[in-house]
Amino acid sequence: MILVRVLGEHKSGHVLWAWLVGQARLRNSKVSHRIVAPLLDRGCGLQSLREEVMEDFRKMHSFLYAEEQSVMAKIGQEEKQVLSSLEDRVTDITKREACVLELIDYLSEVEDHDGYLMAMADSQVDHLKAELTRHSKELRHYRPTVLSSPSLTYVVCRRMLGYVMRSALECLTLDPTTAHSHLQLSEDLKSAKLGPGAQAVLESPQRFEPCLYVLGSQDFRSGRHYWEVSVGGKSNWVIGVASHWVNRKATEDLNPENGYWALRKIPGNRYYALSSPPALLTLDSSPTKVGICLDYESGRVGFYDAECMAEVCTLRGNFQEPLHPFFCPGGSRSGLGGAGSGLGPRMRGLGCRRGLQAGG
């Protein structure tokens, strides 16, 4: 226990791991192997986690470097265009100024010169000086277009968010063979709504009845997976993960013992982590978009406020079976609609910047 903790926290973890490897080789016995092998596995796992974190940051650094190079290239190109234009205008002004000054010199040498022409020439000189001053001010306050738009930090962060969403979010679709007959699915299987009554659907052992549930088509058997569900201001919904082997023909408690790892909201703005027993949650604010992160090997299902990535709750399990995204728009049409919609809850799971909705 102590060795595992030291190996995970000490900066010289690699040295300790190497020492354990050496001890395992020196003590070629079943007893020492049983004791040391789990520690070696743990050491390998920690090293793998470090490498994974380093790779994630490397990707972000590469993205930011590419953005920096792109912005600097745009600034350089625009500066060349602006300076070339200013140079042309200054050259033109200089030529016009030389002509006017030449006229003024000529008129100054003529005793009986036309006063009107002299006044016009003086006016032209003042105009040229003002034009030069204006161009000089423009140059002093010049900002490239890329810097004159919204904050550069904001723009780059938005682009990075899109990059991360494309690379991190799962593309989800709803499985029509699992949807309760009262749930109407869209043609692209990206949305569902609570209909006015039962639809004519094929009977299937996969279909939920009598509960208003639907599963995602994707099943997860390993790895980490993340998707987001837009719940808006809806007052009643359940979202999370369900085992492929849940009883779809019975009304059961939504808890890990029955194959559900889920978060629930009920009227009154109350949120529950559906553990055994359900745990009432205290949230600083009501999330309008919920992120769900499934870590299969670690046996964790985490729920997050996707707008700020604040953790809402985490449920644990010992996963041995395929898991599906799970959606329930609520068991009543009352109070579930958005403003002016008169429909049930709408949820969107963002995958590759595309949506998944479940609700009415």
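Okay, here's what the table says:
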read-out: Only listed residue being touching a Leu at 6+ places or on another chain (Cβ under 7 Å) and in the same structural domain as SER217 (by the TED database), chosen from PRO267, PRO256, PRO278; value: PRO256
read-out: Some residue of segment 272-280 being among the aliphatic types (A, V, I, L, M), at pLDDT 95 or above and over 24 Å from LEU174 (Cα atoms); value: yes
read-out: Residue match in segment 236-252 (condition: over 28 Å from ARG316 (Cβ atoms), buried (at least 22 other Cβ atoms within 10 Å of the Cβ) and among the small types (Gly, Ala, Ser)); value: no
read-out: Given (1) more than 17 Å from TYR260 (Cβ to Cβ); (2) in contact (Cβ under 8 Å) with a residue 24 or more places away in the chain, index of the condition ALA179 fails; value: (1)
read-out: Pairs, first closer than 17 Å to ARG158 by Cβ in segment 57-68, second assigned to a helix (DSSP H, G or I) and modelled with pLDDT of 85 or more, C-beta under 6 Å, six or more apart; value: none
read-out: LEU315 being modelled with pLDDT of 90 or more, under 27 Å from MET160 (Cβ atoms) and open to solvent by less than 20 Å² (accessible area, probe 1.4 Å); value: no
read-out: Selection from segment 255-269 of residues that are of a type outside the set (Asp, Glu) and either open to solvent by less than 70 Å² (accessible area, probe 1.4 Å) or modelled with pLDDT of 95 or more (or both); value: ASN255, PRO256, ASN258, GLY259, TYR260, TRP261, ALA262, LEU263, ARG264, LYS265, ILE266, GLY268
read-out: Residue ranges of strands (runs of 3 or more DSSP E) in segment 213-308 with at least 2 members over 22 Å from the mean Cα position of the chain (by Cα); value: 237-243, 260-266, 270-273, 279-281
read-out: The lone exception for ARG224 - which of (1) open to solvent by 70 Å² or more (accessible area, probe 1.4 Å); (2) closer than 30 Å to SER48 by Cβ; (3) modelled with pLDDT under 75 it fails; value: (3)
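For every residue, the table says whether it meets (1) of a type in the set (A, V, I, L, M, F, W, C); (2) surrounded by 12 or more Cβ atoms within 10 Å (Cβ to Cβ); (3) more than 30 Å from LEU132 (Cβ to Cβ); (4) in contact with a Cys (Cβ under 7 Å, 6 or more places away or on another chain).
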{"site": "ARG58", "(1), (2), (3), (4)": "no, no, yes, no"}
{"site": "PHE63", "(1), (2), (3), (4)": "yes, yes, yes, no"}
{"site": "ALA73", "(1), (2), (3), (4)": "yes, no, yes, no"}
{"site": "GLY76", "(1), (2), (3), (4)": "no, no, no, no"}
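The values are calculated or read from the model by the stated rules, or taken from the named source; none is laboratory data. It should be emphasised that the depicted structure is a prediction, and the values quoted were computed from it without experimental measurement. Quick reminder, even Gly has a Cβ in these numbers, built from the backbone with ideal geometry, and neighbours come from all protein chains shown. Remember, those area values only see protein heavy atoms, side chains included, never the ligands or the DNA or RNA. Shrake-Rupley method; radii C 1.70, N 1.55, O 1.52, S 1.80 Å.
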